[in-house]
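The values are calculated or read from the model by the stated rules, or taken from the named source; none is laboratory data. As the structure is a computational prediction, the values presented were derived from the model and not from experiment. Using ideal geometry, Cβ is built from the backbone for each residue, glycine included, and neighbour counts are taken over all protein chains shown. We work out accessible area using only protein heavy atoms, side chains counted, and drop any ligands, DNA or RNA first. Shrake-Rupley method; radii C 1.70, N 1.55, O 1.52, S 1.80 Å.
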Amino acid sequence: MKMPTPPQLEKSAAADGIYETPSGLRAEVMAITPVTVSRQDLISPPPSAPMPLATPEALQADYRIAVRDVLEITVWGQEEFALIERETLPRHVVAQDGTIFFPYVGRVRVAGLSAQGAQTLITQRLSRVFEAPQVDVRVLEYRGRQVRVVGAVGSPGPVAIQDRPITLIDAIYLAGGPLETADLRRVSVTRNGHLFRVNVLDMFEQAEQAKGLLLQETDLVYVPDNSGARVYVMGEVKRNSSLAIPRAGLTLTQALAESAGPDPITSRAQSVYVLRGTTELPRIFYLDLRQADGLLLGDRFQLAGRDVIYVDAAPITRWNRFINQLLPSLLVLTEADRGPLFSH
(Lines give C-alpha, C1' and ligand atoms only; values in the text may rest on other atoms or scores of the structure.)
Protein backbone atom coordinates (compact mmCIF):
# COMPACT_ATOMS: atom_id res chain seq x y z
CA MET A 1 0.00 0.00 0.00
CA LYS A 2 1.41 3.37 -0.97
CA MET A 3 1.94 5.62 2.00
CA PRO A 4 -0.33 8.68 1.65
CA THR A 5 2.14 11.15 3.11
CA PRO A 6 1.39 14.87 3.00
CA PRO A 7 2.73 16.55 -0.18
CA GLN A 8 5.30 18.56 1.78
CA LEU A 9 6.97 15.40 3.19
CA GLU A 10 9.67 13.64 1.22
CA LYS A 11 11.40 10.35 1.99
CA SER A 12 14.52 10.89 4.05
CA ALA A 13 17.82 9.10 3.62
CA ALA A 14 17.61 8.22 7.32
CA ALA A 15 15.96 5.12 8.79
CA ASP A 16 12.91 3.61 7.14
CA GLY A 17 9.73 5.51 7.96
CA ILE A 18 11.55 8.84 8.49
CA TYR A 19 10.37 11.68 6.25
CA GLU A 20 11.60 15.21 5.90
CA THR A 21 10.12 18.61 5.06
CA PRO A 22 11.83 21.02 2.66
CA SER A 23 12.90 23.07 5.70
CA GLY A 24 14.75 20.07 7.14
CA LEU A 25 12.30 18.99 9.85
CA ARG A 26 12.28 15.20 10.14
CA ALA A 27 9.27 13.16 11.27
CA GLU A 28 8.52 9.47 11.73
CA VAL A 29 5.48 8.53 9.65
CA MET A 30 3.53 5.43 10.64
CA ALA A 31 0.25 3.87 9.45
CA ILE A 32 -2.49 3.11 11.99
CA THR A 33 -2.89 -0.63 11.53
CA PRO A 34 -3.91 -3.56 13.77
CA VAL A 35 -0.23 -4.01 14.60
CA THR A 36 0.20 -0.33 15.50
CA VAL A 37 -2.78 -0.14 17.85
CA SER A 38 -1.65 -3.32 19.61
CA ARG A 39 1.80 -1.81 20.24
CA GLN A 40 1.29 0.70 23.02
CA ASP A 41 5.02 1.46 22.95
CA LEU A 42 4.54 2.77 19.39
CA ILE A 43 1.43 4.79 20.16
CA SER A 44 2.67 6.20 23.45
CA PRO A 45 6.17 5.19 24.60
CA PRO A 46 6.17 4.29 28.31
CA PRO A 47 8.37 6.62 30.39
CA SER A 48 9.41 3.84 32.73
CA ALA A 49 9.59 0.11 33.32
CA PRO A 50 6.40 -1.71 34.37
CA MET A 51 5.80 -1.91 38.09
CA PRO A 52 6.81 -5.34 39.45
CA LEU A 53 4.09 -7.61 40.80
CA ALA A 54 4.28 -8.82 44.40
CA THR A 55 5.23 -12.42 45.12
CA PRO A 56 2.63 -14.82 46.62
CA GLU A 57 4.62 -14.70 49.88
CA ALA A 58 4.32 -10.90 50.03
CA LEU A 59 0.57 -11.12 49.48
CA GLN A 60 0.20 -13.37 52.53
CA ALA A 61 2.77 -11.65 54.75
CA ASP A 62 1.82 -10.42 58.23
CA TYR A 63 2.07 -6.74 59.11
CA ARG A 64 5.45 -5.76 60.55
CA ILE A 65 5.52 -3.36 63.48
CA ALA A 66 7.14 -0.02 62.68
CA VAL A 67 8.48 3.03 64.50
CA ARG A 68 5.68 5.28 65.90
CA ASP A 69 3.11 2.47 65.86
CA VAL A 70 0.98 2.25 69.01
CA LEU A 71 0.75 -1.22 70.58
CA GLU A 72 -1.66 -2.58 73.15
CA ILE A 73 -0.06 -5.28 75.32
CA THR A 74 -2.14 -7.17 77.84
CA VAL A 75 -0.92 -9.80 80.31
CA TRP A 76 -3.71 -12.01 81.66
CA GLY A 77 -3.89 -13.63 85.09
CA GLN A 78 -1.13 -11.61 86.78
CA GLU A 79 -2.18 -9.31 89.65
CA GLU A 80 0.83 -6.99 89.16
CA PHE A 81 -0.23 -6.21 85.61
CA ALA A 82 -3.87 -5.87 86.60
CA LEU A 83 -2.78 -3.08 88.98
CA ILE A 84 -0.69 -1.41 86.28
CA GLU A 85 -3.56 -1.53 83.82
CA ARG A 86 -5.94 0.06 86.30
CA GLU A 87 -3.55 2.98 86.66
CA THR A 88 -2.66 3.47 82.98
CA LEU A 89 -3.84 2.24 79.61
CA PRO A 90 -1.70 -0.63 78.31
CA ARG A 91 -0.48 1.37 75.29
CA HIS A 92 3.09 1.53 74.09
CA VAL A 93 4.48 3.77 71.33
CA VAL A 94 7.38 2.25 69.40
CA ALA A 95 10.39 4.56 69.82
CA GLN A 96 12.70 5.77 67.06
CA ASP A 97 15.15 2.98 67.86
CA GLY A 98 12.38 0.39 67.36
CA THR A 99 11.99 -0.48 71.04
CA ILE A 100 9.31 -0.26 73.72
CA PHE A 101 9.58 -0.37 77.48
CA PHE A 102 7.55 -3.06 79.23
CA PRO A 103 7.41 -3.80 82.98
CA TYR A 104 9.59 -6.71 84.16
CA VAL A 105 11.08 -6.92 80.65
CA GLY A 106 12.74 -3.54 80.19
CA ARG A 107 13.46 -2.27 76.71
CA VAL A 108 12.72 -4.77 73.97
CA ARG A 109 13.05 -4.32 70.22
CA VAL A 110 9.75 -4.99 68.41
CA ALA A 111 10.14 -3.05 65.15
CA GLY A 112 10.20 -5.43 62.21
CA LEU A 113 8.31 -8.14 64.10
CA SER A 114 4.74 -9.22 63.48
CA ALA A 115 2.28 -8.83 66.37
CA GLN A 116 2.60 -12.56 66.97
CA GLY A 117 6.39 -12.30 66.92
CA ALA A 118 6.30 -9.50 69.52
CA GLN A 119 3.90 -11.55 71.63
CA THR A 120 6.28 -14.53 71.58
CA LEU A 121 9.28 -12.37 72.49
CA ILE A 122 7.56 -10.64 75.42
CA THR A 123 6.17 -13.97 76.67
CA GLN A 124 9.69 -15.45 76.70
CA ARG A 125 11.07 -12.48 78.67
CA LEU A 126 8.20 -12.53 81.19
CA SER A 127 8.65 -16.29 81.69
CA ARG A 128 11.82 -15.44 83.60
CA VAL A 129 9.69 -13.73 86.25
CA PHE A 130 6.23 -15.27 86.00
CA GLU A 131 5.04 -18.79 85.44
CA ALA A 132 3.27 -19.40 82.11
CA PRO A 133 2.33 -15.73 81.39
CA GLN A 134 -0.46 -15.17 78.87
CA VAL A 135 0.34 -12.20 76.66
CA ASP A 136 -1.70 -10.51 73.95
CA VAL A 137 -0.18 -7.95 71.55
CA ARG A 138 -2.06 -5.99 68.94
CA VAL A 139 -1.48 -2.81 66.94
CA LEU A 140 -3.86 -0.05 68.02
CA GLU A 141 -2.67 2.68 65.64
CA TYR A 142 -0.71 2.27 62.42
CA ARG A 143 1.55 5.30 62.30
CA GLY A 144 4.91 4.04 61.13
CA ARG A 145 4.48 2.44 57.72
CA GLN A 146 2.99 4.86 55.26
CA VAL A 147 2.80 5.67 51.58
CA ARG A 148 1.99 9.11 50.19
CA VAL A 149 -0.68 9.76 47.58
CA VAL A 150 -0.63 13.17 45.91
CA GLY A 151 -2.19 14.81 42.88
CA ALA A 152 -5.80 14.63 41.71
CA VAL A 153 -7.29 12.77 44.70
CA GLY A 154 -9.81 13.85 47.32
CA SER A 155 -7.44 13.93 50.32
CA PRO A 156 -3.77 14.05 49.26
CA GLY A 157 -1.31 12.98 51.93
CA PRO A 158 -0.04 9.95 53.86
CA VAL A 159 -1.95 6.67 53.81
CA ALA A 160 -1.15 4.09 56.49
CA ILE A 161 -0.26 0.51 55.64
CA GLN A 162 -2.39 -1.36 58.15
CA ASP A 163 -2.92 -4.99 59.07
CA ARG A 164 -2.81 -6.23 55.49
CA PRO A 165 -0.77 -5.32 52.39
CA ILE A 166 -2.08 -2.25 50.60
CA THR A 167 -2.60 -2.20 46.82
CA LEU A 168 -2.25 0.78 44.54
CA ILE A 169 -6.02 0.97 44.00
CA ASP A 170 -6.65 0.74 47.77
CA ALA A 171 -4.25 3.62 48.42
CA ILE A 172 -5.92 5.89 45.85
CA TYR A 173 -9.36 5.32 47.35
CA LEU A 174 -8.09 5.65 50.94
CA ALA A 175 -6.75 9.07 49.86
CA GLY A 176 -10.30 10.20 49.01
CA GLY A 177 -10.56 8.59 45.59
CA PRO A 178 -9.72 10.11 42.18
CA LEU A 179 -11.15 13.48 41.21
CA GLU A 180 -13.22 13.84 38.05
CA THR A 181 -10.18 15.35 36.35
CA ALA A 182 -7.79 12.55 37.39
CA ASP A 183 -5.91 10.76 34.62
CA LEU A 184 -5.97 7.17 35.83
CA ARG A 185 -4.15 5.97 32.73
CA ARG A 186 -0.89 7.64 33.79
CA VAL A 187 -0.60 7.08 37.54
CA SER A 188 3.03 6.97 38.63
CA VAL A 189 4.70 5.28 41.60
CA THR A 190 8.16 6.37 42.77
CA ARG A 191 10.04 3.69 44.71
CA ASN A 192 13.68 3.83 45.79
CA GLY A 193 14.50 6.35 43.07
CA HIS A 194 12.74 4.41 40.30
CA LEU A 195 9.63 5.63 38.49
CA PHE A 196 6.87 3.23 37.45
CA ARG A 197 3.87 4.16 35.32
CA VAL A 198 0.58 2.30 35.80
CA ASN A 199 -2.65 2.38 33.79
CA VAL A 200 -5.12 2.01 36.64
CA LEU A 201 -8.12 1.96 34.27
CA ASP A 202 -6.78 -1.20 32.65
CA MET A 203 -6.23 -2.75 36.07
CA PHE A 204 -9.98 -2.77 36.76
CA GLU A 205 -10.31 -5.37 34.01
CA GLN A 206 -7.39 -7.44 35.33
CA ALA A 207 -8.30 -8.36 38.90
CA GLU A 208 -5.28 -10.59 39.51
CA GLN A 209 -2.84 -7.92 38.42
CA ALA A 210 -4.61 -5.32 40.57
CA LYS A 211 -4.11 -7.54 43.64
CA GLY A 212 -0.44 -7.98 42.83
CA LEU A 213 0.47 -4.29 42.64
CA LEU A 214 1.33 -3.84 46.32
CA LEU A 215 2.81 -0.64 47.67
CA GLN A 216 5.81 -0.52 49.96
CA GLU A 217 6.68 1.81 52.79
CA THR A 218 7.78 5.28 51.54
CA ASP A 219 6.28 4.75 48.04
CA LEU A 220 5.05 7.99 46.47
CA VAL A 221 1.92 7.72 44.30
CA TYR A 222 1.09 10.57 41.92
CA VAL A 223 -2.30 10.81 40.20
CA PRO A 224 -1.97 13.45 37.44
CA ASP A 225 -4.63 16.02 36.70
CA ASN A 226 -5.97 15.74 33.18
CA SER A 227 -8.07 18.93 33.14
CA GLY A 228 -5.62 20.74 30.84
CA ALA A 229 -5.04 17.86 28.44
CA ARG A 230 -6.60 18.62 25.07
CA VAL A 231 -6.39 17.51 21.46
CA TYR A 232 -6.93 19.69 18.42
CA VAL A 233 -8.93 18.69 15.34
CA MET A 234 -8.13 20.71 12.22
CA GLY A 235 -8.38 20.59 8.47
CA GLU A 236 -11.28 19.28 6.40
CA VAL A 237 -13.71 18.55 9.21
CA LYS A 238 -17.12 20.10 9.62
CA ARG A 239 -16.03 21.82 12.83
CA ASN A 240 -12.48 22.57 13.93
CA SER A 241 -12.33 21.70 17.62
CA SER A 242 -10.27 21.77 20.79
CA LEU A 243 -11.35 18.72 22.81
CA ALA A 244 -10.66 17.88 26.45
CA ILE A 245 -9.51 14.32 27.12
CA PRO A 246 -11.91 12.72 29.64
CA ARG A 247 -10.82 10.35 32.40
CA ALA A 248 -11.63 7.28 30.29
CA GLY A 249 -9.49 8.59 27.42
CA LEU A 250 -10.28 9.74 23.91
CA THR A 251 -9.83 7.80 20.68
CA LEU A 252 -9.23 9.13 17.18
CA THR A 253 -12.69 8.04 16.02
CA GLN A 254 -14.33 9.73 19.01
CA ALA A 255 -12.44 12.98 18.33
CA LEU A 256 -13.52 12.98 14.69
CA ALA A 257 -17.12 12.36 15.74
CA GLU A 258 -16.94 15.25 18.25
CA SER A 259 -15.90 17.47 15.34
CA ALA A 260 -18.90 16.28 13.27
CA GLY A 261 -16.64 14.11 11.13
CA PRO A 262 -14.58 14.74 7.97
CA ASP A 263 -16.29 16.88 5.35
CA PRO A 264 -17.64 14.40 2.78
CA ILE A 265 -17.01 16.82 -0.10
CA THR A 266 -13.74 18.57 0.66
CA SER A 267 -11.80 15.96 2.67
CA ARG A 268 -9.40 13.24 1.52
CA ALA A 269 -10.60 10.08 3.27
CA GLN A 270 -7.25 8.28 3.05
CA SER A 271 -5.33 11.13 4.66
CA VAL A 272 -6.28 11.52 8.32
CA TYR A 273 -3.19 12.39 10.35
CA VAL A 274 -2.32 12.51 14.05
CA LEU A 275 0.73 14.70 14.80
CA ARG A 276 2.45 13.99 18.11
CA GLY A 277 5.70 14.92 19.82
CA THR A 278 8.37 17.60 19.82
CA THR A 279 10.09 19.32 16.92
CA GLU A 280 13.12 17.01 17.30
CA LEU A 281 11.50 13.88 15.85
CA PRO A 282 7.70 14.07 15.94
CA ARG A 283 5.56 11.11 14.99
CA ILE A 284 2.88 11.35 12.33
CA PHE A 285 0.30 8.57 12.37
CA TYR A 286 -2.09 8.30 9.45
CA LEU A 287 -5.39 6.50 8.97
CA ASP A 288 -7.06 5.49 5.72
CA LEU A 289 -10.81 5.82 6.23
CA ARG A 290 -11.48 4.21 2.85
CA GLN A 291 -10.58 0.86 4.39
CA ALA A 292 -13.47 -1.14 5.87
CA ASP A 293 -11.84 -1.27 9.30
CA GLY A 294 -10.70 2.36 9.31
CA LEU A 295 -13.13 3.63 11.95
CA LEU A 296 -12.60 0.50 14.07
CA LEU A 297 -8.84 1.06 14.06
CA GLY A 298 -9.40 4.72 14.89
CA ASP A 299 -11.50 3.69 17.87
CA ARG A 300 -8.58 1.63 19.21
CA PHE A 301 -6.09 4.47 18.77
CA GLN A 302 -5.83 6.37 22.06
CA LEU A 303 -4.98 10.04 21.78
CA ALA A 304 -2.54 11.87 24.05
CA GLY A 305 -2.55 15.46 25.30
CA ARG A 306 -1.58 18.07 22.67
CA ASP A 307 -2.14 15.69 19.75
CA VAL A 308 -3.11 17.48 16.54
CA ILE A 309 -5.54 15.68 14.23
CA TYR A 310 -5.42 16.95 10.67
CA VAL A 311 -7.76 15.84 7.89
CA ASP A 312 -6.20 16.59 4.51
CA ALA A 313 -8.03 18.24 1.64
CA ALA A 314 -8.97 16.38 -1.52
CA PRO A 315 -6.99 17.36 -4.67
CA ILE A 316 -10.07 18.97 -6.24
CA THR A 317 -10.53 21.03 -3.08
CA ARG A 318 -6.96 22.32 -3.32
CA TRP A 319 -7.52 23.15 -7.00
CA ASN A 320 -10.77 25.00 -6.33
CA ARG A 321 -9.16 27.01 -3.55
CA PHE A 322 -6.23 27.85 -5.78
CA ILE A 323 -8.60 29.06 -8.50
CA ASN A 324 -10.70 31.05 -6.03
CA GLN A 325 -7.56 32.76 -4.72
CA LEU A 326 -6.18 33.39 -8.20
CA LEU A 327 -9.41 34.44 -9.95
CA PRO A 328 -9.72 37.93 -8.40
CA SER A 329 -6.17 38.71 -9.51
CA LEU A 330 -6.90 37.44 -13.03
CA LEU A 331 -10.00 39.65 -13.27
CA VAL A 332 -8.03 42.72 -12.23
CA LEU A 333 -5.34 41.97 -14.85
CA THR A 334 -7.97 41.36 -17.55
CA GLU A 335 -9.71 44.67 -16.86
CA ALA A 336 -6.34 46.44 -16.95
CA ASP A 337 -5.61 44.94 -20.38
CA ARG A 338 -8.96 46.16 -21.74
CA GLY A 339 -8.14 49.73 -20.86
CA PRO A 340 -10.53 52.35 -19.45
CA LEU A 341 -14.23 51.81 -19.88
CA PHE A 342 -14.69 55.15 -21.69
CA SER A 343 -12.12 56.62 -24.00
CA HIS A 344 -12.17 60.14 -25.30
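Expressed as a whole percent, the accessible surface of the stretch 180-294 that belongs to carbon and sulfur atoms is 51, based on a 1.4 Å probe. Solvent exposure of the stretch 198-295, expressed per residue, is 50 Å² of accessible area, with all protein chains present and a 1.4 angstrom probe. Using the Cβ-Cβ distance between THR74 and ALA244 with R0 = 41 Å, the FRET efficiency computed as 1/(1 + (r/R0)^6) comes to roughly 0.15. Taken along the Cα-to-beta-carbon direction at a fixed 7 Å, the label points for ILE265 and GLN96 span 7.8 nm. Computed across the stretch 89-180, the Kirkwood hydrodynamic radius from all distinct Cα-Cα pairs reaches 15.4 Å.
The per residue volume of the convex hull around the alpha-carbon atoms of the stretch 137-222 is 96 Å³.
Rolling a 1.4 Å probe across the protein heavy atoms gives the stretch 133-185 an accessible surface of 45 Å² per residue.
Could you tell me what percent of the accessible area of the stretch 88-143 is made up of carbon and sulfur, with a 1.4 Å probe and every protein chain present? Ligands and nucleic acids excluded, carbon and sulfur reach 47 percent. Highest mean packing first, where packing is the average number of other Cβ atoms within 10 Å per residue, the peptides 96-107, 234-245 line up as 234-245, 96-107.
Cβ-Cβ distance of GLU258 and ASP62, R₀ of 41 Å, FRET efficiency by 1/(1 + (r/R0)^6): the value works out to about 0.20. Debye-formula intensities of the stretch 103-261, expressed as log10 I(q)/I(0) at q = 0.09, 0.15, 0.21 Å⁻¹, are -0.48, -0.88, -1.23 (one equal scatterer per alpha-carbon, no solvent). For the stretch 250-317, the share of alpha carbon pairs falling in successive 10 Å distance bins from zero is 21, 54, 23, 2 percent.
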